[in-house]
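K.L.:
Following this message is one structure expressed as structure tokens.
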Amino acid sequence: TYNPAGVAKNQGNHTGFYITTDFDGKLTKHSDIYYAYKTNGFGYSFLFKENDKLFNATDVNISFAGDINKHMTFGSNWSKYNEDISMGILFRPYNFLSMGSVLNYDDELQNFNNLRTGIAIRPFSDEKLTFGIDYIYSDSLEAYHPFIEISLGKAITLKSQFTTNLDEDITTALQSSININF
């Protein structure tokens with residue numbers, strides 16, 4: 001999800017929409033709308049907030065990626081809103097094992113923002129079940145993000161992710177999220 005090197009994986013054209021909702025699931029007047037498209041090592045996404053114009057989105061992301069060899073890819077992403085560039089590498093020596101790292105800098109490549117590195121395991125060598133953990137480091141943060149992802153056929157994915165901030169007490173540092181993708 002976070003590594004631009006994944007854009008290199010050619011699995012056909014992908015288009016996605018996402019609309020934010022309240023916790024109770026109702027759309028709000030201030031709902032954000034996300035749109036993304038990916039194909040053959042190139043991808044882009046837009047974030048539209050309430051008063052955005054069609055050709056002036058709050059955020060625009062542009063990604064390029066390619067293969068280094070059979071098991072390794074490299075990619076880069078620029079974000080208008082975050083004013084940053086991320087560069088990632090993804091290593092998948094076997095279908096059940098994936099490792100990756102992402103370095104994030106300001107968009108002038110002068111200041112280091114953070115490093116995200118992780119590992120994921122698919123115990124059945126398919127996309128039905130994935131366990132993983134990411135480690136995030138910056139000057140002000142050190143955190144782990146364990147996750148589990150379950151695919152129900154090719155149409156529905158359930159993902160649960162937890163965040164633990166190592167600089168805080170465990171009772172205030174633990175956060176979680178659950179996503180359902182169609």
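The values are calculated or read from the model by the stated rules, or taken from the named source; none is laboratory data. Computed from a prediction, not measured in an experiment: that's the story for all the values here. All Cβ positions, even for glycine, are placed from backbone atoms using ideal geometry, and neighbour counts span all protein chains on display. Only protein heavy atoms, including side chains, enter the accessible area calculation; ligands, DNA and RNA are left aside. Shrake-Rupley method; radii C 1.70, N 1.55, O 1.52, S 1.80 Å.
K.L.:
Can you pull the one-decimal nm distance between simple spin-label points at Thr164 and Met72, each 7 Å off the Cα toward Cβ?
P.N.:
3.1
K.L.:
State in Å² the accessible area per residue of region 1-133; use a 1.4 Å probe, count heavy atoms of protein chains only, and round to the nearest integer.
P.N.:
In whole numbers, region 1-133 has 65 Å² accessible per residue.
K.L.:
When only C-alpha pairs under 8 Å and at least 6 residues apart count, what is the relative contact order of region 23-113, in percent?
P.N.:
That works out to 16 percent.
K.L.:
Take Tyr2 and Tyr37, extend 7 Å from each Cα along the Cα→Cβ direction, and tell me the distance between the two endpoints in nm.
P.N.:
2.8
K.L.:
Here's another thing I want to ask about it. Starting from the Cα of Thr15, step 7 Å toward the Cβ, then list every residue of region 50-78 with an amide N under 17 Å from that point.
P.N.:
Under cut-off, by backbone N: nothing.
K.L.:
Considering only protein heavy atoms and a probe of 1.4 Å, how much of the accessible area of region 1-131 is carbon and sulfur, as a whole percent?
P.N.:
Carbon and sulfur together cover 58 percent of it.
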